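Below is one structure; the comments refer to it alone.
The values are calculated or read from the model by the stated rules, or taken from the named source; none is laboratory data. Keep in mind that this is a model prediction, so the values were computed, not measured. Note that we place each Cβ from the backbone using ideal geometry, even for glycine, and neighbour counts take in every protein chain shown. Each accessible area value is taken on the protein alone, full model and side chains, heavy atoms only, with ligands, DNA and RNA left out. Shrake-Rupley method; radii C 1.70, N 1.55, O 1.52, S 1.80 Å.
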Amino acid sequence: MIFANKEYLFLLLLLIPYIIWYIWKHQDSEASLQVSDTEVYTQAPKSFKNYLIHAPFVLRTLALALLVFVIARPQTTDSWQNSETEGIDIMLALDVSTSMLAEDLKPNRLEAAKEVANQFINGRPYDNIGVTLFAGESFTQCPLTVDHSVLLNLINQAECGIIEDGTAVGMGIANAVSRLKDSKAISKVIILLTDGTNNTGDISPLTAAEIAKSFGIRIYTVGVGTNGTAPYPYPVAGTIQYVNMPVEIDESTLTQIANIADGLYYRATSNSKLKEVYDEIDKLEKTKISVKQFSKRNEEYKYFALAAFLCIMLEILLRHTVLRRIP
């Protein structure tokens, strides 16, 4: 058992002068009878009250000690153990340009990316993970957090059209870097997922990669889309018409970004391939740190409080019944 407020245990020292005062007062206040010889009383039977005379004081002292334990907040823990966990901060940079609505991945590229990202996050419960969205510009959908339920909810809210269209790969990387640069984690990683070519933004992808490298951040790049063409939904007169659009992924730039920032480039041409990419990244990013884990602490003050209450009640009962004094 441990105490959350150990400093209050020093109050127990106040019981010492209280005990000394009680002994001094008891010796001074005992009634006396002057007799010439006490030998006649030596064989007199003793009442059980003789043995209980100090019981109220003992009970009162015990109650005070128990109350000190209560305010010191006694706690118990189930167990503790040494274990290993990940020491990684990860930013997911996700392309939400309208081309991510292409349906060469099912149901479309964006939904497939979100589904696999959810599985990836669920498999890393101890990591700080955040999400940056980019199209013609970039913003942070969720900063680094270990509250993965909130993170997953925000990822699921990501959709095409929420920001100006385009593909600003450099801005997506720069935004993710701004969230990771001050991190104290052992390993810092950006997973960049896009299906196009950088065509807008104030920062070039390669410059952003150099900045990431200067902060010790690795970048894994993922090109999403089949080879050749992909069916893209166009709204026409209240209906959806599909047009086969060419898949234009700048694999050369994505490869250079990964090389500059000590990462790797992957191509995901299907849902299963995209999952394999995340599984591969998951295996690569396994930086272990040793931690000591404690189980949940339980407050145990109620047992001490109940014992103190019983002591006080018993002390009051004795003083007003069998040990009642007549003035």
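Annotation: residue 313 carries an accessible surface of approximately 90 Å², with a 1.4 Å probe and no ligand, DNA or RNA atoms counted.
On a 26 Å Cα-Cα criterion, which of the cross-link pairs 25/302; 114/283; 114/188 come out too long? The answer is 25/302. If you take all other residues with their beta carbon under 12 Å from the beta carbon of residue 225, and give Lys and Arg +1 and Asp and Glu -1, the sum is -4. For the stretch 160-283, a Kirkwood hydrodynamic radius built from all Cα pairs, placed in the Stokes-Einstein relation at 20 °C and 1.002 mPa s, yields a translational diffusion coefficient of 137 µm²/s.
Computed from phi, the 3J(HN,Hα) profile of the stretch 170-178 under the Karplus parametrisation 6.51, -1.76, 1.60 (θ = phi - 60°) reads x, 5, x, 5, 4, 5, 5, 4, 4 Hz, with x in place of Gly and Pro.
Under 5 Å from the amide H of residue 249 lies no amide H of any residue 5 or more positions distant or on a separate chain, with H modelled from the backbone and absent for Pro and chain starts.
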